[in-house]
Amino acid sequence: MRDGVLVSGVRVCGPLADYADGFGVFLAGQGYAPGSVGLQMHLVAQFSRWLVGEGVQAAALTELEAERFIAVRRARVERLFVSRRALEPVIGYLRGLGVVSAPTVVALSPVEGIVQRYRRYLLVERALAVESAGVYVRAIRPFLASFEGVGRVELERVATSVGMSDMLLSVRGRWPFRSSSTSASADADVRVGARRWRLSPIGDRSSRDRPANMPVGATRSVGRS
């Protein structure tokens with residue numbers, strides 16, 4: 001739908017356009033006032049445009065994309081809809097239609113659990129591009145694997161490891177634009193991640209962490225991130 005669809009005076013283009021009319025009717029049926037429906041449609045329109053830029057279709061929408069979009073809104077100092085809960089109406093609607101997959105829990109290895117948490121930190125909290133986050137992840141996965149024991153990663157050894165310097169150099173070497181400021185930023189992101197791992201022991205609890213590709217709404221069975 002190239003030209004999009006107009007709902008409550010708001011034009012929605014992109015992957016959510018096909019569901020915009022129905023979503024507007026759904027909101028009205030839930031008792032939303034016309035002005036509130038308009039605000040929701042503005043949010044949906046922005047979300048849909050953002051998904052276009054990320055190359056994500058509605059059926060591939062995950063919790064990570066939802067969190068990243070909200071992080072972008074917060075970075076722009078938006079006043080409305082700056083928490084993850086803001087997307088619940090449209091995500092709940094899409095889930096009810098079967099467009100968004102039902103939540104699932106996937107068991108991860110100790111290393112992969114930490115890697116996915118770190119990737120989320122880079123994409124959501126640091127707002128890195130997917131390609132940039134991939135540079136870090138590809139460098140850090142084999143590094144962490146060298147500290148894997150029986151059912152856990154020996155996190156107490158990671159941040160003080162001599163191998164940390166080699167791993168930082170690996171990140172720098174894979175970065176497309178290796179200015180001194182970029183290298184410093186890369187070092188800082190990796191070291192922050194390492195400090196977090198030391199302060200937040202994982203053990204075999206990493207299998208409960210939500211992977212980056214888990215459908216929207218999925219939750220861990222127990223524990224906290």
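The values are calculated or read from the model by the stated rules, or taken from the named source; none is laboratory data. As the structure is a prediction and not an experimental result, all values here were calculated from the model. Here Cβ is always computed from backbone atoms with ideal geometry, including for glycine, and neighbour counts include all displayed protein chains.
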Scope the stretch 12-50; condition in contact with a strand residue (DSSP E or B) (Cβ under 7 Å, 6 or more places away or on another chain) and more than 18 Å from residue 61 (Cβ to Cβ); matching residues: 21, 24, 38, 42
Condition check for residue 90: more than 30 Å from residue 27 (Cβ to Cβ) and of a type outside the set (Asp, Glu): no
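To keep it simple, each residue is scored yes or no on (1) assigned by TED's automatic domain parsing to the domain that holds residue 63; (2) assigned to a helix (DSSP H, G or I); (3) modelled with pLDDT under 85.
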position	(1), (2), (3)
119	no, yes, no
135	no, yes, no
142	no, yes, no
161	no, no, yes
182	no, yes, yes
187	no, yes, yes
Index of the failed condition, residue 105 passing every other in (1) in a loop (DSSP other than H, G, I, E, B); (2) assigned by TED's automatic domain parsing to the domain that holds residue 26; (3) under 17 Å from the mean Cα position of the chain (by Cα): (2)
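Before we move on, is residue 77 outside any helix (DSSP H, G or I) and under 15 Å from the mean Cα position of the chain (by Cα)?
Details: outside any helix (DSSP H, G or I): yes; under 15 Å from the mean Cα position of the chain (by Cα): no.
No; evaluated as a whole, the condition is false for this residue.
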Evaluation of residue 156 against (1) at pLDDT 85 or above; (2) surrounded by fewer than 20 Cβ atoms within 10 Å (Cβ to Cβ) (one fails), failing number: (1)
Near pairs, Cβ below 7 angstrom, 6+ apart or cross-chain, from the stretch 48-76 (basic (Lys, Arg)) to any residue that is part of a helix (DSSP H, G or I): 68/123; 68/124
Qualifying positions in the stretch 63-87 - exposed (fewer than 15 other Cβ atoms within 10 Å of the Cβ), of a type in the set (D, E, K, R) and modelled with pLDDT under 90: 74, 76, 78, 79
Some residue of the stretch 54-64 being under 24 Å from residue 130 (Cβ atoms), assigned to a loop (DSSP other than H, G, I, E, B) and out of contact with any helix residue (DSSP H, G or I) (no Cβ under 8 Å at 6 or more places or on another chain): yes
